[in-house]
Amino acid sequence: MALSEPVLLKRIPTPPWGEVNDRRLNHIDDYFDTGGYEGLKKALAMEPPRIIDIVKASELRGRGGAGFPAGMKWSFLPPQDGEPRYLAVNADESEPGTFKDRLLIDYDPHLLLEGIAICMYACQLDTAYIYIRGEYHQQAKTLQFAITEAYENKILGEGSMLGRINDRVPHCHLHRGAGAYICGEETGLLESLEGKRGWPRIKPPFPAVAGAFGRPTIINNVETLACIGPIVERGADWFKSMGVPRPDGAPPTAPASYGPKLFGISGHVNRPGVYEENLGVKLSDLIENYGGAMRGGKRFKAAVPGGISMGVLGPDQYDAQLDFDVGKKYACLGLGTAGVIVMDEDTDMVAVARNIARFFSHESCGQCTPCREGTGWIYKMLCRIEEGDGTTRDLDMLLELAGSMGAMPGTTICGLADGANWAIRTIVNKFWDEFEARVRKEPHVSLAVMQT
Amino acid sequence: MPDRDDPAILPQHFAAVAGRNMAWITKNSATMQIEQRDEPYLDDALRQELEATVMPRYPTRRAAALPVLHAVQEKHGWITHQAITEVARFLDINVTEMLDTATFYEMFHFEPTGKYLIWVCQSISCELLGHDGLLDLVRDKLGIEPGQTTDDSRFTLLTAECLGSCDTAPCALINETLHENLTIENFEQLIDSLD
C-alpha cells in the first residue's frame, strides 16, 4: 500500500503530492506556519526518559545505512556525571547513489534541527555538531543560516526553550569535512571531528560510552533525526502504521521495518530523484511509479538497493521488497541508505564492478592492511579483466580476495571493506556468465562460484 | 590504458586513475625544501577571527583543525608547508600531527591550484550516464589530465567521488557551485563562460 501522505517530504513538493519545480527553501517562519517545532514543544512538556521510550516504541531504525534501532542507541548512554555529552549529526553523505540528506538540508533544514533539539533534550546532550561533507558547499551555507534562525528564535542557545541541558547552554555547531568517504563511518567521523585523520576506532568502547573527546556521544544520520519530530508529535503507533512489521514467527526482539523512507533513484530511469514511500515498497513499483520507468524502454538488468556497498539485485529480483530484510531475502548486504541505482540491459557489469572497486580503493583510509591492499588489488584485477587480459583464475582470486576482507570476516576495523566485499561478490556471482565470457579460459575448474 | 606489462607505467597510471594522492603514498620529505616568507599565512586578523568564532565551539584546540585549514585555504587558495607549521602552532600540536591530519583530506591542496577547480564526478551513476565524455572534453579543450593545472593557472581538473547529485548525473563541481545534468555541449559552454 502506498504512503497516504508525505512525512519527511511534507514541505518539499515531490510527486505524487507536488511538483519538483515548486520546491523552495523553508525558512523558520514557513516551518512554524506548517506545524513545525510542535514535536519539540510536546517533547519539552515530557520528562526526557519518556521521549526515549516513545522513540524506542516507534522502532525507528537508523537511516544512515546500518539500520540500528535509534531508541536503543539512545538508551545506551550512561547516567549524567556533570561532564559534557555530545550529539554528532552525520551529514557526511558520500555513499555513491545517495542524495536524500542533501534534499532535506536544501529545502527543509528545520526538520533536522527540530530532531536535533529533541534528541539533545531527550538524551541530555549539551552540544551538537553537524558533520557535513566538504563538497556540500551550498548545503553548509543553508544549514548555517537555519542554525542562526533557530538561535534567533530561541530554539537553541542561550535562553532558548530548551533551557539548560546537562547544566550547560545547548549549542549546535556546523563542522565541515574535507572530502573523505570514511568520515561517514561513525568513529571515523569522531576522529575527524577531533581534528585527526578519519581513521575508524576499534569498538568497544562504543561512542555512547566514549565518543567525541572521550565523552558519551550519540551519532545519528540526518534522515533519522528528521523522523524524530513527527514521531514525538504524532506518536509511535502512527509511525508503526507505515512500513512492514517483522515477519511471522520472528522474535519480538528482531527489529522490523516501520515508517516512511526516502528512496533516491538514479541511473537508467526517466525521472530520477528522491521519493518517499513506505519501507517494503517493491523495486518494480519504485522504478515504474516513481522513477518514470526504464529510460528508452530498455529492459531492467540490475539495481543497487541502497548505496553501492550493498551489492546488486539481479534481473530476477526486479520485484524485490525494499525493507531492512532485503539483504537476507535477496543475497545482498542490506538496504543501506536506500539510494537505488538502476541499470538497463546495455550496462557492462564488468565496468560497473571496476567503477565500484575504484571507489573503494580510493576511499580506503589505509589503516587496515586487508582493505588497503585488497581494494587496490581488486581494482587492478578488474581493470585487467575489462581490458580482456583476465583469466578464469582471476575470477576465483577476485572472489576469494573480496570474501576475505571486512569487519564481518573479522579482518578490518570498520565496514568499508565489507561494502567492497559484498559489492564485488554479488556482481560477480549474479553476473557470472558475463564475467566468464570476458576472461581467457584455463584448464582449471572454478569452485568459487559455488559459494555465494 | 597504457601497456600493463611496462612496470614503469603501471604504478603511475594506477595512482592517476585511482586518485591523486592516496593517503598512504609517502612523499620524499627528506630532501624537500620548505619555502619561507616573512608575512604569516595565518595573520593576526585571521587569528582573532578564528579565536572569536571557531575556537569556542570545541573543547580542544586540535578539534578546530579542519575549520582552520578551510579558512587558510579559502584565503590563499592552497596550503603551503609554512601555513601548516603556523596552524600547528596555533592549535598547540606538532607539525607532523598537523601534516598527518591535513594530508588525509582530499579537499586540501598542497600545490597551487588554478582559479577554477573543476571536480568531475566519476562515481557509478555519473559513469552510467556518461561522465567520461566530460573528462575527455576537458582533456581535449584544456590539455590537462586529472590532477593537473593549465599553464595559465586558470583551470585545475580533478576527479571526485560521488558528489551526492546522482539524480542529476552527470554532474561536476566548479569551485563551490554544483552543475547538474551536464552534456558535452552545455559543459563546454559552461567552461567557455568562465572568464
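Among residues of the range A:13-38 that are within 24 Å of A:ARG234 (Cα to Cα), those with a Cβ under 9 angstrom from a residue that is open to solvent by 40 Å² or more (accessible area, probe 1.4 Å) and small (Gly, Ala, Ser), sequence gap 6+ or separate chain, pair up as A:PRO16/A:ALA2.
When A:TYR107 is tested against (1) open to solvent by 30 Å² or more (accessible area, probe 1.4 Å); (2) in contact (Cβ under 8 Å) with a residue 24 or more places away in the chain; (3) facing chain B (nearest Cβ under 10 Å), only condition (3) is not met.
The helices (runs of 4 or more DSSP H) found entirely in the range A:383-448 that carry 1 or more residues being in contact with a Phe, Trp or Tyr (Cβ under 7 Å, 6 or more places away or on another chain) and without any contact (Cβ under 8 Å) to a residue 40 or more places away in the chain are A:392-403. Might you check whether a residue that is away from chain A (no Cβ under 13 Å) and in contact with a helix residue (DSSP H, G or I) (Cβ under 9 Å, 6 or more places away or on another chain) occurs anywhere in the range B:63-73? Within the range B:63-73 (the criterion being away from chain A (no Cβ under 13 Å) and in contact with a helix residue (DSSP H, G or I) (Cβ under 9 Å, 6 or more places away or on another chain)), the answer is no, since none of the residues qualifies. In the range A:358-375, the qualifying residues are those that are part of a helix (DSSP H, G or I) and facing chain B (nearest Cβ under 7 Å), and the one that is surrounded by the most Cβ atoms within 10 Å (Cβ to Cβ) is A:PHE359.
Restricting attention to the range A:321-330, does a residue exist that is in contact (Cβ under 8 Å) with a residue 12 or more places away in the chain and over 20 Å from the mean Cα position of the chain (by Cα)? No, the range A:321-330 contains no residue that is in contact (Cβ under 8 Å) with a residue 12 or more places away in the chain and over 20 Å from the mean Cα position of the chain (by Cα). Of the residues making up the range B:72-112, just one is open to solvent by 60 Å² or more (accessible area, probe 1.4 Å) and either aromatic (Phe, Trp, Tyr) or touching a residue at least 60 places away in the same chain (Cβ under 8 Å) (or both), namely B:TRP78. Can you pull out every residue in the range A:264-280 that is closer than 23 Å to B:GLY164 by Cα and more than 11 Å from every other protein chain (Cβ to nearest Cβ)? Those that are closer than 23 Å to B:GLY164 by Cα and more than 11 Å from every other protein chain (Cβ to nearest Cβ): A:ASN270, A:GLU276, A:GLU277, A:ASN278, A:LEU279. For the range A:222-244, check the following and say yes or no: at least one residue is under 24 Å from A:GLN80 (Cβ atoms), surrounded by fewer than 24 Cβ atoms within 10 Å (Cβ to Cβ), out of contact with any Cys (no Cβ under 7 Å at 6 or more places or on another chain) and among the aromatic types (Phe, Trp, Tyr). The answer is no; no qualifying residue exists. Residues that are open to solvent by 10 Å² or more (accessible area, probe 1.4 Å), out of contact with any Asp or Glu (no Cβ under 6 Å at 6 or more places or on another chain), modelled with pLDDT of 95 or more and assigned to a helix (DSSP H, G or I) are absent from the range A:274-284.
Scanning the range A:143-190 for residues that are more than 26 Å from A:ALA122 (Cα to Cα), modelled with pLDDT of 95 or more and surrounded by fewer than 24 Cβ atoms within 10 Å (Cβ to Cβ) yields a single hit, A:ALA178.
Residue-wise test of (1) in contact with an Asp or Glu (Cβ under 6 Å, 6 or more places away or on another chain); (2) outside any strand (DSSP E or B); (3) among the charged types (D, E, K, R).
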| position | (1), (2), (3) |
| --- | --- |
| A:VAL89 | no, no, no |
| A:GLU93 | yes, yes, yes |
| A:THR98 | no, yes, no |
| A:CYS119 | no, yes, no |
| A:TYR129 | no, no, no |
| A:CYS172 | no, no, no |
| A:HIS175 | no, no, no |
| A:CYS183 | yes, yes, no |
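You will find that of B:CYS126, B:CYS162, the residue that is within 30 Å of A:VAL304 (Cβ to Cβ) and part of a loop (DSSP other than H, G, I, E, B) is B:CYS162 and no other.
The values are calculated or read from the model by the stated rules, or taken from the named source; none is laboratory data. Values in this document were obtained by computation on a predicted structure and should not be read as measured data. All Cβ positions, glycine included, derive from the backbone under ideal geometry; neighbour counts span all protein chains shown. These area figures cover heavy atoms from the full protein model, side chains too; ligands, DNA and RNA do not enter into them. Shrake-Rupley method; radii C 1.70, N 1.55, O 1.52, S 1.80 Å.
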